[in-house]
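One structure below.
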Amino acid sequence: MKIRWHIVLVALFAVVFLQPLQSSAQNYLDVPPDPNFAKDYLNNVIYGDTTETGERVPDRVYRLQPGGIYYFNNVIKIKGDLKIVAEGENPSGFNKAIILAAANEQGVRPARFAEAHGDVLFKNIYFSMITDKDKQVNDLVRVYKDGAVIRMENCFAEWLKLFVFRVYSANTSVYIKDCYFRNITGVGGPFNGKIVQFQNNPVNELILQNNTMANVQGPLINIRFNTVGLLKFDHNTVVNTLKWPFHFEYWTNGIVTNNIFFNVASYGENRADASNQDQEGLMFGIVNLYTIPDSLLPQVGLTSQADRRMLVRNNLYYHDQSVLDYIAKWWASDSVRLEPWMNERTRAWAEDDNAFPYLDIQDPIQEDPQFFEYPTADSMVKKMDQWRTDGKKTTWWWVDDDGDKVSNATDRPHTLAFPTSSPAYDAADGGFPLGDLNWFPEKKAEWVTAVEESRASAPREFALLQNYPNPFNPTTRVLYSLDKPGRTRLIVYDLMGRKVRTLVDGDMPAGRHVAVWDGRDADGVSVPSGIYLCRLEAAGKVAVRKMVLSK
């Protein structure tokens, strides 16, 4: 009887389980700018936006006015999603809302813009993260939700001291496109100033495409001792960094294509630097691979180091004379060297087709891209000289075009386009220019059309594949594909229909994706051995797979 009842229970549950949930639409709140420019305006708007019972409004999206100015003066702490967009017409043509930092009543600058325990969406926003007293905000957002989806599109962020995104949660997905990051620097050392830091947590996906990063101290992406299901860094322009674009060695599925790295990792390394950076004391390099611990391989579905995949091609890596002069000076006195594209270990692996058959790492173009106008490296070199000389942490380095940091809201303060004679002009896939294609609007339009046509011709389906490995202990990868973009939920249930863990709950693009489940529930507690059901829902479609956790 027990067996029969168990079968009936599962069968009845499956009937309900396979029905699509009621999908909730985005719930917009239009927020006009404050005519009085109150310094706590955005704080008050968001904290005052609750239901009658004091809860957060579900699926709320704050819609700001392009060209409008919005101040905040304390950290905005959200127990849920944080979604802010700008939409509408602006006679000036500036299509972004402007969010400015201000000191609070005690004259103290906010440590960060926000903390979110949910998904994050920023679209068409200009963030100036410095007060009128030249006090920088540390971070833009800290994220604390496992499985969070973070999106940033057509935004401009500058004057941050430490990080754009600082992620304290596991298995997040981050998508950044068409953004400009500038003047993200701190005095504490050459490692202050990053786009995203994951605090050594595992990452589902990290995709950056068609972005510009100028005077971002680096490293741009910091993961170190964990894995990423997919890391794609494509068509980005990076100018003036002290450290590398990637502080990361456990690549498993990586794509680094069609980028410009100009004056990148300019600080260089001497022997003392190298001993604290690469795990074998080698020069770190722009692309660095190191042995992944066996305990981490299963969480990205690998059974051996040989399964690692990486495509690196069509990149440009170049330093101007001011950086070369700095390196020559410090080579003579302290053996400081420029970072190689790959260190000896990584190059040996890339050339060993028997041991690593899926590594395709090609050397970059090493020629001047001939930018029409770029932020000079003078202040960066001055800062590097000071650190090498006496380690002082008092001199800032940045570019401030008009001398007024607060009113510097302009989409493209420099011209990082280049002439048709540049070696970068037709060196990308498809004959497009390297780097951020937003510097070439007509080429960008052609590229978008080409990408859309390629996607349209590629087979696409809604599918939930069998998790791998299965059975598993304690971690498994869940691969799924979406035939169209939209709200997506990927949730683990037990056989009684009780929710165990939400892996994905947010807007996702069409295409293939991967999520990771570590065998824990929503409270971080390890669940017992048994059969679990993984349920995918998107666009009114549902798919379910059984997963076996065997300890």
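Every number here is computed from the coordinates shown, using simple stated rules; none is lab data. As the structure is a prediction and not an experimental result, all values here were calculated from the model. Ideal geometry is used to build each Cβ from the backbone, glycine not excepted, and the neighbour counts take in all protein chains shown.
Tabulate in residue order the Karplus-calculated ³J(HN,Hα) for the stretch 219-228, using 6.51 cos²θ - 1.76 cosθ + 1.60 with θ = phi - 60°, rounded to whole Hz; enter x for Gly and Pro.
The phi angles translate into x, 5, 10, 10, 10, 6, 9, 7, 10, 10 Hz.
Please identify which residues in the stretch 60-101 have an amide N closer than 16 Å to a label point set 7 Å out from the Cα of Asn36, following the Cα→Cβ vector.
Hits in the stretch 60-101 for Asn36 at 16 Å: 70-73.
Which FRET efficiency value, to the nearest 0.05, is calculated for Lys392 and Thr420 with the Förster distance at 60 angstrom and r the Cβ-Cβ distance?
Rounded to the nearest 0.05, the efficiency is 0.85.
If amide H atoms are built 1.01 Å from N in the plane of the peptide, which residues on other chains or at least 5 residues away come under 5 Å of the amide H of Thr252?
Residues meeting the amide H criterion: Val228.
Residues with amide H under 5 Å of Asn171's amide H, sequence separation 5 or more or different chain, H placed in the peptide plane at 1.01 Å from N; which?
Those qualifying (amide H under 5 Å, at least 5 residues apart or on another chain) are Gly147, Val203, Asn204.
In whole Hz, with x marking every Gly and Pro, tabulate ³J(HN,Hα) for the stretch 140-152 from phi via Karplus 6.51 cos²θ - 1.76 cosθ + 1.60, θ = phi - 60°.
So the Karplus estimates, Gly and Pro as x, are 6, 9, 9, 10, 10, 9, 4, x, 5, 10, 10, 10, 9 Hz.
At a Förster distance of 25 Å, what's the computed FRET efficiency of Thr51 paired with Arg498, Cβ-Cβ distance as r, to 0.05?
0.45
Could you give the dipole magnitude of the chain about its Cα centre, charging the beta-carbon of Lys and Arg +1 and that of Asp and Glu -1, in debye to the nearest 20?
Around 2100 debye, computed over the chain.
Measure out, as a whole number of angstrom, how far apart the alpha-carbon centroids of the stretch 504-536 and the stretch 85-150 sit.
Value for the Cα centre distance between the two parts: 30 Å.
Taking amide H positions as placed 1.01 Å from N in the peptide plane, with prolines and chain starts having none, which residues 5 or more places from Ile76, or on another chain, fall under 5 Å of its amide H?
Ala114, Glu115
Could you please report the charge total around Val196, scoring K, R as +1 and D, E as -1 over all other residues with beta-carbon less than 13 angstrom from its beta-carbon?
Once positives and negatives cancel, what remains is +3.
Fewest first, what order do Lys484, Lys243 take by the number of other Cβ atoms within 10 Å?
By the 10 Å Cβ count, ascending, the order reads Lys484, Lys243.
Can you pull the one-decimal nm distance between simple spin-label points at Thr303 and Val542, each 7 Å off the Cα toward Cβ?
If labels sit at Thr303 and Val542, their model points lie 3.4 nm apart.
For each of Ser526, Ser128, Ser266, count neighbouring Cβ atoms within 10 Å of the residue's Cβ, then give the residues from fewest to most.
Lowest to highest Cβ neighbour count: Ser526, Ser128, Ser266.
Quick one: of Lys135/Lys444; Lys232/Lys443; Lys39/Lys444, which pairs are farther than 27 Å apart, Cα to Cα?
The answer is Lys135/Lys444; Lys39/Lys444.
Across the stretch 365-374, in residue order, what do the Karplus-derived ³J(HN,Hα) couplings come to in whole Hz, using 6.51 cos²θ - 1.76 cosθ + 1.60 with θ = phi - 60° and x for Gly and Pro?
My calculation for the stretch 365-374 gives 6, 10, 9, 5, x, 6, 3, 5, 7, 9 Hz in order.
Say a paramagnetic label sat at a point 7 Å from the Cα of Asp429, along Cα to Cβ; which residues of the stretch 347-361 have their backbone N under 16 Å from it?
From the stretch 347-361, the list is 359-361.
Residues of the stretch 234-269 with backbone nitrogen within less than 14 Å of a virtual label 7 Å along the Cα-to-Cβ line of Asp334, please, listed as ranges.
Backbone N within reach: 266-269.
Return Trp244, Trp387 ranked ascending by Cβ neighbour count within 10 Å, so the fewest neighbours appear first.
Going from sparsest to densest Cβ surroundings: Trp387, Trp244.
In nm, to one decimal, how far is the modelled label at Ile531 from the one at Glu153, with both set 7 Å along Cα→Cβ?
Distance between the two pseudo-spin positions: 4.0 nm.
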